[in-house]
1. Identify all aspartates and glutamates with a Cα-Cα distance to Lys250 below 19 Å; exclude those on the same chain that are fewer than 8 residues away in sequence.
2. Taking the chain as a Gaussian network, where each spring joins two C-alpha atoms under 10 Å apart, which residue of Ala287, Ala359, Ala233 fluctuates the most?
3. Can you tell me how the stretch 171-304 classifies by the Cα gyration tensor, rounded, prolate or oblate, using a/c under 1.5 as the rounded cut?
4. Would you mind checking which residues have amide H under 5 Å from Arg223's amide H? H placed 1.01 Å from N; only 5 or more apart, or other chain.
5. Name the residue from Ser292, Gly66, Asn225 whose Cα lies farthest towards the positive end of the charge dipole of the chain, charges +1 on Cβ of Lys and Arg and -1 on Cβ of Asp and Glu.
6. Go through the stretch 64-134 and name the GluC sites (Glu not before Pro) that are in a DSSP coil and have 15 or fewer other Cβ atoms within 10 Å of their Cβ.
7. Which of the chymotrypsin sites (Phe, Trp or Tyr not before Pro) found in the stretch 96-160 are loop residues per DSSP with 15 or fewer other Cβ atoms within 10 Å of their Cβ?
8. GNM, the chain, Cα, under 10 Å: largest mean-square fluctuation among Asp53, Asp358, Asp186?
Amino acid sequence: MKAIKITALVVALALAGLAVHAFLPEAFPYPELKVFGQAYMLILTKFVDPVKDDRLLVGAQRGLLGSLDPFSTYVPAEKMAAFRKAQAPSPIDAGVELRRGMKFAYAHRVVPGSAAAEVLQQGDIVESVNGLQYPRADLWELQAELAGPLGKSVSIVYSARDAEKSKEAVLVLKPYARPAVALSEDAGAPVLLLPHFQPETPRAAGDALKALRSRELLFIDLRGNSSFNYPEALRTAALFLKEDPKVVLKSKREEKKLSAEAKGAFVIAELYLLADRDTTGAAEIFAALLQSGAGAKVIGRTTFGYTGSLQLVPLSDGGACHLTYTLVTLADGTDLMNEGVTPDLPVRDPIGTETASDAIDKKVREIIQEKALRKAA
């Protein structure tokens with residue numbers, strides 16, 4: 001029966017390939033599908049241990065989506081309910097946002113005062129959460145384990161950047177203050193923290209900036225900002241621009257223009273943006289708009305290089321592809337995907353226990369000191 005099943009499957013794959021080849025363009029990779037069928041057959045017939053068909057198919061589909069970018073993912077039918085639940089905001093979580101590298105998950109952002117902040121630092125590799133390991137489990141499954149009721153215990157295994165061995169810890173979920181838009185001072189210079197772009201961000205930023213005593217100098221901190229709310233990023237950028245900020249939203253079927261009315265309410269003589277490798281999405285568009293339209297200088301590292309937005313597209317078996325559906329570019333066609341925003345004032349790689357954020361903070365203080373010396377002279 002097993003031999004009959006395998007033969008039928010291979011024949012079906014071959015016929016499907018021929019049928020597809022009959023009506024799709026010449027550019028369609030039919031030869032590659034043929035190779036896929038061969039590899040599939042070899043695994044079923046030659047691999048030392050028996051392999052279930054569904055395991056191969058799920059693995060293949062995960063590989064397809066995972067090869068596109070760091071955010072697209074395949075969700076099998078039996079996990080759809082859990083996936084939808086994981087996408088809903090949780091009132092309590094550990095205070096860490098995970099992101100995937102090629103073969104590992106790492107702490108993209110760790111919120112001060114949260115349970116995660118007691119043991120994790122930005123950039124630490126998260127090897128497992130409650131026994132779930134990436135890539136055997138999808139990133140969203142690990143993230144879901146980091147949320148839950150107040151007092152929930154979460155077991156993690158992680159590797160610090162400068163550590164030789166893995167460590168184990170138990171996080172107990174507790175309330176914490178989520179980062180908010182705020183204006184503060186560093187060495188006497190104003191710093192506007194923009195941890196996200198949400199509907200309230202433009203108003204909150206405008207209200208905070210009213211406290212500026214001078215418009216000669218301002219630092220805007222975008223480190224770790226991984227929002228994907230592009231309209232609100234444009235509305236916030238409009239506070240600093242004399243001309244309307246514009247971007248283009250591209251999908252396979254159409255292009256749309258998106259803009260915001262320039263306010264020009266806060267034209268700053270010397271404007272600096274603090275960015276790191278985890279500055280992503282709407283924050284990258286914001287930085288590029290101010291870099292080109294307001295003469296802002298970016299301090300730090302090249303940003304992440306992802307300016308897309310995701311959409312959940314259902315499949316016939318009840319599963320879905322959560323994939324990048326729209327790409328956002330600047331109005332002049334500048335595409336930041338996989339490129340990111342290049343800093344005008346790059347910081348060197350961290351040395352010893354110094355982090356990239358430490359190096360950026362040091363650069364900020366150097367600029368403040370230089371400006372003070374020029375003024376004194």
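The values are calculated or read from the model by the stated rules, or taken from the named source; none is laboratory data. Treat the numbers as computed from the prediction; the structure is a model and nothing was measured. Heads up, the Cβs are rebuilt from the backbone with ideal geometry, glycines too, and the neighbour counts pull from every protein chain shown. These area figures cover heavy atoms from the full protein model, side chains too; ligands, DNA and RNA do not enter into them. Shrake-Rupley method; radii C 1.70, N 1.55, O 1.52, S 1.80 Å.
1. Asp69, Glu232, Glu284, Asp332, Asp335, Glu339
2. Comparing Ala287, Ala359, Ala233 in the GNM, the peak value goes to Ala359.
3. Values: a/c = 1.58, a/b = 1.10, b/c = 1.43.
Oblate shape, in that a/c is at least 1.5 and b/c is the bigger or equal ratio.
4. Under 5 Å from the amide H of Arg223 lies no amide H from a residue far enough along the sequence or on another chain.
5. Gly66
6. Values: sites: Glu78, Glu97, Glu118, Glu127; in loops: none.
For GluC sites (Glu not before Pro) across the stretch 64-134 that sit outside H, G, I, E and B with at most 15 neighbouring Cβ atoms in 10 Å, the list is empty.
7. Numbers: sites: Phe104, Tyr106, Trp140, Tyr158; in loops: Phe104.
Counting only loop positions with at most 15 other Cβ atoms within 10 Å, the chymotrypsin sites (Phe, Trp or Tyr not before Pro) in the stretch 96-160 are Phe104.
8. Evaluated over the chain, the most mobile residue of the options is Asp53.
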